[in-house]
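*Asks:* Just passing along the structure, written as structure tokens.
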Amino acid sequence: MLNVPSQSFPAPSSQQRVSSEGRSKVPLKPGRSLMDWIRMTKSGKDLTGLKGRLIEVTEEELKKHNKKDDCWICIRGCVYNVSPYMEYHPGGEDELMRAAGSDGTDLFDQVHRWVNYESMLKECLIGRMAVKPTVPKGMLPKSQVTDTLAKEGPISPSYDWFQTASLVTIVIYTKQKDLKLDSVIVDHQYDSFRAETIIKDYSYLIHIELSHEIQEDFSVRVIQNVGKIEIALKKKENTSWECLGRPLENHNSFVPKKDAGLYYRKCQLISKEDVTHDTKLFCLMLPPGTHLQVPTGQHVYLKLTITGTEIVKPYTPVSDSLLPEFKEPGFPDNRYIYFLIKIYPAGLFTPELDQLQIGDLVSVSSPEGSFKIPQELEDLFLLAAGTGFTPMVKILNYALINMSSLRFDVEFVLSAPTSEWKGKKEHISPGLLSEFLKRSSDKSRVLICICGPTPFTEQGIRILHDLNFSKDEIHSFTA
């Protein structure tokens, strides 16, 4: 069942981020918007309290600054005075205070790893954390040994390369048999070659300055039964390479994905089509040297520079099939990413996006998200309000193609319809959901996806738990 309430929950922008638990936003005082914060950072005021000096901060010193009017937080080794930002933080002061006087990197990554904090908080920079004394080589503290063993992930991949007169083939051995093509992201620009492979919650990176020039087009192939990836590069000149190239930053690294950082490439705006009076379908074209497929239920981040500050927002790609009359240019499907985006005239990001002209460039990140459709799924329910519909589009396409045994029903529900509306008129409620969310059997495998404004999602999750659906059966996409 596809449930699409509207009206009573004003549809947010389609800035979705996949998560298992939502995070409530706190109403901000007038004059405390993101644009107001940007103006504050450009006002010339001393936001650090140190009159422009940068200092080295010890752990002991950091711990002292743990109050709302004197709050320092460390993110990835850099210390910021976030007291001036307290009233501007959409998650509220209490959320920031969770990391007061401490290293907030893990908490930051859990909530909004995508935020460009370096740009947002650059005027609040206190300095860097002091380097701790190193442990003698070959020795680890007992607690660290325990942590290392507990956090062991997949076996680290390896790579090799070989060549013919016209091709150079890079082979990645992942030792994972369930790998898919959308797990591999390749970016080639000038002489820089970057191939990232996502294996469970880890990222394996090949990053090389190639020794010779190659052509723009290349191919990526995954041999699933052995977990091998082959990336075939076409030489510009049929000469023998003595080496693949020079290693660049983080080459041959295998780290948890949350520690890998986001990588962006410039994509070109190809089309911008009206879907409703305030919602548009944007089509972005990937660079010719990029191989990127966004997995079902995952999202990317779009980045624009607005009044000198980089602003980043998450969006879930959709299919161009949402607009039947839209005619795609004559290029391969995998060169394009589509976004259904509601334009908010009083917003900061979407009006700027709407002002872009055909041919302009937008920075697009690699995919993010943890969503996976369980094997042998028997019942799939999609609950969407407003532009919360966007993450459901690819899930729906996947289900219609791969789950042919499922019965397909759609139910439209409006909370404040016009007099001509003959369908259901109701808010989200236990009665409404219990009427439609019926298992095909007592022990059927169920997945319920829910997305919409925060009140809709939070209320929906509470109702679903009351209806005896387990946490593992519910996946929320939260704005």
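*Asks:* Residues with amide H under 5 Å of Ser219's amide H, sequence separation 5 or more or different chain, H placed in the peptide plane at 1.01 Å from N; which?
*Replies:* Ala232
*Asks:* Pairs Lys266/Lys342; Lys236/Lys272; Lys177/Lys258; Lys280/Lys313; Lys51/Lys257: which exceed 26 Å Cα-Cα?
*Replies:* With Cα atoms farther than 26 Å apart: Lys236/Lys272; Lys51/Lys257.
*Asks:* What does the net charge come to around Leu400 if you take all other residues with beta carbon closer than 14 Å to its beta carbon, with K and R at +1 and D and E at -1?
*Replies:* With Lys, Arg at +1 and Asp, Glu at -1, the neighbours total +1.
*Asks:* Could you work out how far apart the two model spin labels at Ser404 and Asp360 are, taking each label as a point 7 Å from the Cα in the direction of the beta carbon, and quote it in nm?
*Replies:* 4.5
*Asks:* What fraction of the DSSP beta bridges in the chain is antiparallel, stated in percent and rounded to the nearest 5?
*Replies:* Restricted to the chain, the bridges split so that about 80 percent are antiparallel.
*Asks:* Neighbouring Cβ atoms within 10 Å as the yardstick, rank Val226, Val362, Val82, Val255 fewest first.
*Replies:* In order of increasing Cβ crowding within 10 Å: Val226, Val255, Val362, Val82.
*Asks:* When the expected Rg is taken as 2.2 N^0.38 Å, what fraction or multiple of it is the alpha-carbon Rg of the chain? Intermediate results must be reported in sequence, preceding the final value.
*Replies:* Values: Rg = 24.4 Å, N = 479, 2.2 N^0.38 = 23.0 Å.
Rg over 2.2 N^0.38 Å, computed on Cα atoms: 1.06.
*Asks:* Report the FRET efficiency, 1/(1 + (r/R0)^6), for Glu420 and Thr276, where r is their Cβ-Cβ distance and R0 is 22 Å, rounded to 0.05.
*Replies:* Step by step, r from the Cβ atoms, then E = 0.80.
*Asks:* I need the phi-derived Karplus couplings for the range 442-452: 6.51 cos²θ - 1.76 cosθ + 1.60, θ = phi - 60°, integer Hz, Gly and Pro marked x.
*Replies:* Values, residue by residue: 4, 10, 5, 7, 10, 10, 10, 9, 9, 7, x Hz.
*Asks:* Let me ask another. So if R0 is 51 Å, what FRET efficiency would Lys258 and Ser434 give, r being the distance between their Cβ atoms, rounded to the nearest 0.05?
*Replies:* 0.85
*Asks:* Cα to Cα, under 20 Å, and not fewer than 8 places away if on the same chain: which aspartates and glutamates meet these conditions relative to Lys228?
*Replies:* Lys228 reaches Asp160, Asp178, Asp182, Asp187, Glu196, Asp201.
*Asks:* Next question. Between beta-carbons, use under 14 Å as the cut-off and find the net charge around Tyr173, counting Lys and Arg +1, Asp and Glu -1.
*Replies:* Cβ neighbours under 14 Å give a net charge of +2.
*Asks:* Something else about it: Residue by residue, what Karplus-based ³J(HN,Hα) values in Hz, rounded to whole numbers, does the range 222-237 have, using 6.51, -1.76 and 1.60 with θ = phi - 60° and x for Gly and Pro?
*Replies:* Per residue, the Karplus-derived 3J(HN,Hα) values read 10, 9, 5, 5, 10, x, 10, 10, 10, 10, 9, 9, 8, 5, 6, 10 Hz.
*Asks:* Pull out a ≥ b ≥ c, the square roots of the eigenvalues of the alpha-carbon gyration tensor of the range 21-129, then state rounded if a/c is under 1.5, prolate if not and a/b is larger than b/c, and oblate in the remaining case. Mind dumping the intermediate values first?
*Replies:* On the way: a/c = 1.66, a/b = 1.15, b/c = 1.44.
Oblate is the answer for the range 21-129, as a/c is 1.5 or above yet b/c matches or exceeds a/b.
*Asks:* What's the extension gain from Lys175 to Asp70 if we count 0.36 nm per residue and subtract their Cα-Cα distance? Intermediate values should be presented prior to the final figure.
*Replies:* On the way: separation 105, 0.36 × 105 = 37.80 nm, distance 4.95 nm.
Full-extension gain reported as 32.9 nm.
*Asks:* Still on this structure, I have one more. May I ask you to order 302-314, 465-477 by the average number of other C-beta atoms within 10 Å around their residues, highest value first?
*Replies:* Per-residue mean Cβ counts within 10 Å order the peptides as 302-314, 465-477.
*Asks:* Highest first, please rank the peptides 290-296, 212-218, 160-166, 404-410 by the mean number of other Cβ atoms sitting within 10 Å of their residues.
*Replies:* 290-296, 212-218, 160-166, 404-410
*Asks:* In whole Å, largest first, what are the principal axis extents of the Cα atoms in the range 158-260?
*Replies:* Projected onto the principal axes, the Cα atoms of the range 158-260 cover 38, 29, 21 Å.
*Asks:* Per DSSP helix of 4 or more residues, -39500 (n - 2.57); summed, then divided by the residues of the chain. What does that give at 222 nm, rounded to the nearest 500?
*Replies:* Working: 11 runs with 83 residues, N = 479.
My calculation for the chain gives -4500 deg cm²/dmol from helical runs alone.
*Asks:* Enumerate the residues in the range 205-227 having an amide nitrogen under 16 Å from the point lying 7 Å beyond the Cα of Thr164 toward its Cβ.
*Replies:* Only 215, 218-221 fall inside the zone, counting backbone N under 16 Å.
*Asks:* From the square roots a ≥ b ≥ c of the eigenvalues of the alpha-carbon gyration tensor of the range 264-365, which class results: rounded (a/c under 1.5), prolate (a/b over b/c), or oblate?
*Replies:* Oblate shape, in that a/c is at least 1.5 and b/c is the bigger or equal ratio.
*Asks:* Could you estimate the translational diffusion coefficient of the range 327-479 from the Stokes-Einstein equation, with Rh from the Kirkwood formula over C-alpha pairs, at 37 °C and 0.692 mPa s, in whole µm²/s?
*Replies:* Roughly 181 µm²/s, to the nearest whole number.
Values in this text are rule-based calculations from the coordinates and carry no lab data. Because the structure is a prediction, the values reported are computed rather than measured. Using ideal geometry, Cβ is built from the backbone for each residue, glycine included, and neighbour counts are taken over all protein chains shown.
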